[in-house]
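Enquirer: My questions all concern the structure below.
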Amino acid sequence: MSLLIQNARIASEHSPALTEADVLLTGGTIQQIGKGLQAPEGTRTLDARGRILMPAMFDAHVHFREPGQEAKETIATGTEAAINGGITGVVMMPNTNPAIDSATVVGQVLDIAKNTARIPVYTSGCVTKGRQGKELAGIDGMRAQGVKMLTDDGDTTGDPAVLYRAMQYATEFGMFFASHCEVPELAGPRALNEGAMSYRLGIKGSPACAEEIIIDRDIRLAHATGAHIHIQHVSSKVGMETIAWWKSRGDVRVTAEVSPHHLLFTDEHIGDYDTHYKMNPPLRTKADNEALLGGLIDGTFDLIATDHAPHTPFEKSQDFVSAPNGITGLDTALVSLHHHFIATGKLGWDLIVKRFSAEPRRFMGLEAVSIEEGQPVDLILFDPEKETTFTRDFMKSKSQNTPFLDKTLKGSVDLVVLGENILLDRA
């Protein structure tokens with residue numbers, strides 16, 4: 001594959017300014033960057049005037065449901081949804097059936113990915129067997145298969161003594177921990193945020209403190225053991241402030257992520273029991289949204305991660321309390337971030353590249369990708385003037401439980417190139 005992309009505006013994590021240049025891709029490498037480049041014979045030429053060329057995104061928190069719930073999503077369909085949204089690497093969560101809690105299951109998952117996915121797929125492993133919170137999972141065996149992240153995501157590791165022992169043990173192997181933070185006794189039915197909206201709908205709400213207590217607990221355990229703790233899908237202002245305080249101390253390694261839906265939506269969007277807005281942790285308030293956006297800008301949050309959580313239409317059509325939590329995000333994340341935050345001037349492309357491409361890769365011990373001569377090709381071309389309508393036919397995820405269904409947003413992922421392969425071409 002040889003491709004000359006002309007007149008592109010190149011985005012980097014290091015500068016808010018976009019640099020206009022031609023970029024020549026040959027043999028899976030960025031061969032040359034400059035102005036007025038000539039295309040070698042046999043090279044495809046693409047005029048990218050007005051469009052943004054940037055490193056492809058990387059999602060460190062997805063649920064692909066395989067093995068065990070393939071009706072919702074498979075590794076094949078999930079990775080195609082990722083490509084559709086400009087994402088060329090993902091980290092699976094272990095709440096499959098069976099749970100990813102042993103070297104055997106890790107091996108099976110990675111084999112499926114190798115045979116069905118067009119992008120790299122990594123997986124986390126459980127802290128405890130079956131995610132039951134009682135007995136440590138096969139940690140060393142999973143480490144030998146390349147697992148770096150341990151989490152019981154979908155639930156909190158309930159017994160702090162078990163998590164403490166896991167941290168003491170696995171930190172010696174260079175592994176780290178990711179926490180879904182929730183006191184189940186406080187969280188109740190996990191349906192929505194406790195507040196005016198829950199009272200109006202007549203549904204018991206989940207208070208933000210149910211999340212915030214475990215954020216503090218798990219960081220304290222990491223402080224005591226020397227572990228690296230990563231706080232997943234933070235939804236509340238106080239939770240974010242807790243993370244910022246611990247970071248300011250400088251004596252514990254803590255990272256954190258925020259998901260697009262917790263930046264964009266509030267519990268008021270639930271309206272008349274719309275289950276597309278039901279997720280865990282729940283959507284909270286506008287004040288929380290604004291605080292979380294500030295945390296993304298100031299670095300309290302290291303990563304943007306979608307928490308892509310597919311469910312079938314039948315499941316989501318149940319009553320609000322009975323319907324499962326979750327929202328798909330791989331197809332929609334980048335365009336929605338552009339529509340709501342970049343096009344409105346609240347965020348720059350440099351921050352998106354840093355938080356949704358570079359830092360997630362570094363977080364997983366990978367090299368960040370960049371648009372520089374000699375670097376491997378792992379990039380996307382984005383048109384900020386086009387529009388994308390998220391119809392069922394457009395989206396590649398097997399499930400479309402998203403508030404963006406049939407909505408039109410400003411922005412389009414036009415091209416995805418990885419190595420010598422053009423994975424998506426709408427250019």
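The values are calculated or read from the model by the stated rules, or taken from the named source; none is laboratory data. In this text the structure is predicted, and so the values were computed from the model without any measurement. No Cβ is skipped: glycine too gets one built from the backbone with ideal geometry, and neighbour counts run over all protein chains shown. Only protein heavy atoms, including side chains, enter the accessible area calculation; ligands, DNA and RNA are left aside. Shrake-Rupley method; radii C 1.70, N 1.55, O 1.52, S 1.80 Å.
Enquirer: Take V254 and decide whether it is touching a residue at least 24 places away in the same chain (Cβ under 8 Å), in contact with a Phe, Trp or Tyr (Cβ under 9 Å, 6 or more places away or on another chain), farther than 13 Å from A291 by Cβ and not in a helix (DSSP H, G or I).
Expert: Considered against the rule, which asks whether it is touching a residue at least 24 places away in the same chain (Cβ under 8 Å), in contact with a Phe, Trp or Tyr (Cβ under 9 Å, 6 or more places away or on another chain), farther than 13 Å from A291 by Cβ and not in a helix (DSSP H, G or I), V254 comes out as yes.
Enquirer: Here is a further query. For residues in segment 230-247 being open to solvent by less than 10 Å² (accessible area, probe 1.4 Å) and in contact (Cβ under 8 Å) with a residue 60 or more places away in the chain, which is nearest to M175 (Cα to Cα)?
Expert: H230
Enquirer: Please tell me if Y169 is under 24 Å from Y122 (Cβ atoms) and modelled with pLDDT of 95 or more.
Expert: Details: under 24 Å from Y122 (Cβ atoms): yes; modelled with pLDDT of 95 or more: yes.
Yes, satisfied.
Enquirer: Return the pair list, or none, for Cβ contacts closer than 6 Å from residues in segment 349-362 that are over 11 Å from M54 (Cβ atoms) to residues that are open to solvent by 10 Å² or more (accessible area, probe 1.4 Å) and of a type in the set (A, V, I, L, M, F, W, C), at least 6 apart or on different chains.
Expert: So the pair list comes out as R361/A368; R362/A368.
Enquirer: Here is a follow-up. Taking the residues in segment 267-301 that are touching a residue at least 60 places away in the same chain (Cβ under 8 Å) and among the β-branched types (V, I, T) as candidates, determine which candidate is nearest to H180 (Cα to Cα).
Expert: Only one residue fits best here, namely T300.
Enquirer: How about segment 143-172: which of its residues are β-branched (V, I, T) and either open to solvent by 70 Å² or more (accessible area, probe 1.4 Å) or more than 19 Å from M92 (Cα to Cα) (or both)?
Expert: V162, T171
Enquirer: So which helices (runs of 4 or more DSSP H) are wholly in segment 172-230 and hold at least 3 residues that are under 25 Å from the mean Cα position of the chain (by Cα)? Can you show your working first?
Expert: Numbers: elements: 184-187, 196-201, 209-225.
Output list reads 209-225.
Enquirer: Go through segment 102-118 and give me each residue that's out of contact with any Gly (no Cβ under 6 Å at 6 or more places or on another chain) and open to solvent by 30 Å² or more (accessible area, probe 1.4 Å).
Expert: T104, Q108, L110, D111, I112, K114, N115, T116, R118
Enquirer: Which residues, taken from segment 263-318, are surrounded by fewer than 21 Cβ atoms within 10 Å (Cβ to Cβ) and of a type in the set (D, E)?
Expert: Correct list: E268, D272, D274, E290, D298, E315.
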